[in-house]
Structures are given as C-alpha cells and as structure tokens.
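Below is one structure, written out as structure tokens; the observations come after it.
The values are calculated or read from the model by the stated rules, or taken from the named source; none is laboratory data. Everything quoted here is computed from the prediction, not taken from an experiment. We place every Cβ from the backbone using ideal geometry, glycine too, and count neighbours over all the protein chains shown. Just the protein is used for accessible areas: all its heavy atoms, side chains included, with ligands, DNA and RNA removed. Shrake-Rupley method; radii C 1.70, N 1.55, O 1.52, S 1.80 Å.
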Amino acid sequence: EVNKMKYTKEETSICPHHSHEKEHNHGRKPIYFYLFGLVIYFIAFLMPMTTWLTNVLFTVTILFSGYHVILEGIEETILDTKKLKKFHPNVHILMTLAAIGACLIGDFNEGALLILIFSGAHFLEEYAEGKSRREITNLMRLNPTEARLIQADGKTKKVEVSTLNIGDHLKVLPGDQVPTDGILLEGRSAIDESPITGESMPNEKSNGDEVFGGTINGQATFTMKVTKESTETVFSKILQLVEESQSNLSKPATKIKKIEPIYAKIVLL
C-alpha cells in the first residue's frame, strides 16, 4: 500500500500538467452517456423528416453527449475569470454557446453534430493522455526501492536505495532488481538489461563489469559496489527525461494555450 501511494505521488509529480485544476479525466460514465447520445443522434438523423420529435432527440444528444463539455466550459470559465480577475473564456464554453445558438435558430442537427465531434475529440485526447500516464506509472514501478546492504560483519540488511552511499557493497540475489548503478565485484550472472537498453537477450556480467539499477538479475548471486548516487543512475536519468518531456508542453501547444482565450473572445464578439 505504501508503494501504491508512492507511485501515485510520483505519477502526479511527473505529469503536473495532468494534475492541475483542469483535470479532465472523468472515468467511464461520460463515455457511456456519449455513446447513448450518439445512438439517439442516428435515430433522429434517420427519421424521414424534421419534426418536433427529431429536434427533441437532437437536444437529448446535446445534453447526454456534451454534458461534461458544458459543465467544464462553465466551471473553468468562472474559475479562470476569478483567478485572473478578467474574463477568460475557453473553447468548451465557446462550443456550448455555439450548440445553444444553433438550437435557438432551429438548427438542432448542427448543434448536436458539433457537440458529438467536439466531445469525441475530447475523449480521444483523454485516452491518449491516460495511456501516457499508465506507461509512465509502469516505468516508475521498474525503479528499484530496496537494496541488500552488506554490513561490516558480513550480514546483509535491506535498506532504502535512497540511503545508499558510493562505495557501499551490495548483494544481489537471483531474480532481484539491481538496486543502483555499480561495478560487479564477485560472482557471474546474466542480467536482463531490457528496461535500460531494450535488448531482449540477457548480458553476461563478471568481475569488473558495470551493472545498472533497474535491470533484472538472472539465476546467480553476485556482489557489487555502488558507484553512483541513486539520483544519478542511468534509470534515474531516463525518468528525469520523461518528467521533463511530460511537464513541458510543446511550442505549438503552448501557443495554442495562450491563443485559446483570445480566439474565444473574438468569436464571442
């Protein structure tokens, strides 16, 4: 349970732009509503002529398929306006008003189609972001947390990897994760380095060879000497690169975020 809490915290720190006040992960309920609205839309679309019933069905589509978009548009606009102390609309509120406007001039079909397209794109974005978060969480689980420290009397003691010092001697048992970067001192083993290199075949390691934290030991026991701090290992560097890539929006995305409220204001005017 402690590890689960740790992974959750690390995931949040790695994906800060997924953890701010505009978190859009709604779970499955809105998706079911969206699909229900989509079915209603096709029923209305296939009706032979436009009647009050088709307009009602298109309105149902807007409410069910776009309720999360409508709520987010209103909520985020209010929160951002209060925070920035100036009117700060977003595309969500723009799409909401566009759908309402279409209905007011009698184009219920256009309003429903607009919401379906925008909400569908919204869910695809959430799916892509969710997949990215899951992959990062899985990567975090590969980061070793414990090591078998060889003490002065020759006995081993389980300690946190973060407490290790350069020069410490560690014992690595068969099937264990290599706790940190170091040099193999005694023994010989085949180590699965695929988490680092992507190579599927284990590499044979013997005295003097370098071993990397996060890799998986084979069927033999060996001892190693720590040569790097836990924050300076190859695996830690990979995690840092992932963190930087996830926390920093691309240049086009940054520009879009800045332009979005300006664009929304212009269209509203």
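Would you mind stating whether GLY130 is surrounded by fewer than 18 Cβ atoms within 10 Å (Cβ to Cβ) and under 23 Å from the mean Cα position of the chain (by Cα)? Spelling it out, GLY130 is indeed surrounded by fewer than 18 Cβ atoms within 10 Å (Cβ to Cβ) and under 23 Å from the mean Cα position of the chain (by Cα). Of all the numbered requirements in (1) open to solvent by 100 Å² or more (accessible area, probe 1.4 Å); (2) at negative phi, LYS85 misses one, and that requirement is (2). Out of GLU135, GLU125, GLU72, which single residue is within 30 Å of GLU232 (Cα to Cα) and modelled with pLDDT under 90? Only one candidate passes the filter, namely GLU135.
For (1) under 15 Å from ILE262 (Cα atoms); (2) assigned to a helix (DSSP H, G or I); (3) touching an Asp or Glu at 6+ places or on another chain (Cβ under 7 Å), each residue gets a yes or a no:
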{"site": "THR59", "(1), (2), (3)": "no, yes, no"}
{"site": "PHE64", "(1), (2), (3)": "no, yes, no"}
{"site": "TYR67", "(1), (2), (3)": "no, yes, no"}
{"site": "LEU71", "(1), (2), (3)": "no, yes, no"}
{"site": "ILE74", "(1), (2), (3)": "no, yes, no"}
{"site": "THR77", "(1), (2), (3)": "yes, yes, no"}
{"site": "PHE87", "(1), (2), (3)": "yes, no, no"}
{"site": "LEU97", "(1), (2), (3)": "no, yes, no"}
{"site": "GLY101", "(1), (2), (3)": "no, yes, no"}
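One residue stands out in region 30-54 among those that are among the aromatic types (Phe, Trp, Tyr) and open to solvent by 50 Å² or more (accessible area, probe 1.4 Å): the one that is farthest from LEU124 (Cα to Cα), namely TRP52.
For GLU193, state whether it is of a type outside the set (Val, Ile, Thr), farther than 30 Å from MET47 by Cα, touching a strand residue (DSSP E or B) at 6+ places or on another chain (Cβ under 8 Å) and buried (at least 19 other Cβ atoms within 10 Å of the Cβ). Taking the combined requirement at face value, the residue satisfies it. Within region 218-232, is there a residue that is in contact with a helix residue (DSSP H, G or I) (Cβ under 8 Å, 6 or more places away or on another chain), part of a loop (DSSP other than H, G, I, E, B) and open to solvent by 30 Å² or more (accessible area, probe 1.4 Å)? Checked region 218-232: no residue is in contact with a helix residue (DSSP H, G or I) (Cβ under 8 Å, 6 or more places away or on another chain), part of a loop (DSSP other than H, G, I, E, B) and open to solvent by 30 Å² or more (accessible area, probe 1.4 Å). Over 24 Å from the mean Cα position of the chain (by Cα), more than 26 Å from ILE256 (Cα to Cα) and either crowded, with 19+ Cβ neighbours inside 10 Å or modelled with pLDDT under 90 (or both): is that true of PHE108 in this structure? Yes; evaluated as a whole, the condition is true for this residue. Considering (1) open to solvent by 50 Å² or more (accessible area, probe 1.4 Å); (2) of a type outside the set (Asp, Glu); (3) at pLDDT 90 or above, the lone condition that SER200 does not fulfil carries the number (3).
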